Amino acid sequence: MADFQKLIARIKKQDDLAFEELYELTKRSVYAMIYSIVQNRAMTEDLMQDTYIKMLQSIHHYDGRVKFITWLVTIAKNLAIDSYRKEKRLISVDLQTEEYRLPTHFDSTEKQMESNQYLSILSEEEREIVLMKIVGELTHNEIAKIIHKPIGTVMWMYNQAIKNMQTCTKEE
């Protein structure tokens, strides 16, 4: 388990290595949150940069009352929502033309396309929860705090989303 408090203290002293460590520990969670909202790889990467810049600008205000990862992912979520609203458009994803969607360990494009197909059957909120859990490796409790829902609801939604994707798999 990472000691975020020590890393934060080092970052406040402008230790670049501490920032790199923190980035490596948190990038999957931040990416998953942003991507679940904007569903565009290039925009997600831009918003990741914005998230870490904002984190660095606000790090002196972090008081430790909530877990650091929750605080950071909330920054990412708010930036992604703001960006999405500024675009003022619905994001439509053509799964046949998009080369990849998730920063995962899939071996082939075929598996990535299959994953995209399963994710496309989920609601936006279900997709957000699944990506935060699987890609972001967040706990149900952390997700509940980020999306402001009871942990039981988050667990139920996650399980329902997995069941729906499994049903889609069986139908094929």
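The values are calculated or read from the model by the stated rules, or taken from the named source; none is laboratory data. Small disclaimer: the values here were computed from a predicted structure and weren't measured. Positions of Cβ are backbone-derived with ideal geometry, glycine not excepted, and every protein chain shown enters the neighbour counts. Accessible surface areas use protein heavy atoms only, side chains included; no ligands, DNA or RNA. Shrake-Rupley method; radii C 1.70, N 1.55, O 1.52, S 1.80 Å.
A few points about this structure:
- Residue match in segment 56-67 (condition: touching a residue at least 60 places away in the same chain (Cβ under 8 Å) and open to solvent by 90 Å² or more (accessible area, probe 1.4 Å)): yes
- Filter pass, residue 100 being more than 24 Å from residue 58 (Cβ to Cβ), in contact with a helix residue (DSSP H, G or I) (Cβ under 7 Å, 6 or more places away or on another chain) and at pLDDT below 75: yes
- Single residue of 124, 128 found to be in contact (Cβ under 8 Å) with a residue 40 or more places away in the chain, among the acidic types (Asp, Glu), closer than 16 Å to residue 77 by Cα and open to solvent by less than 60 Å² (accessible area, probe 1.4 Å): 128
- For segment 1-27, filtered to residues that are aromatic (Phe, Trp, Tyr) and modelled with pLDDT of 90 or more, the residue that is least open to solvent (accessible area, probe 1.4 Å) is 19.
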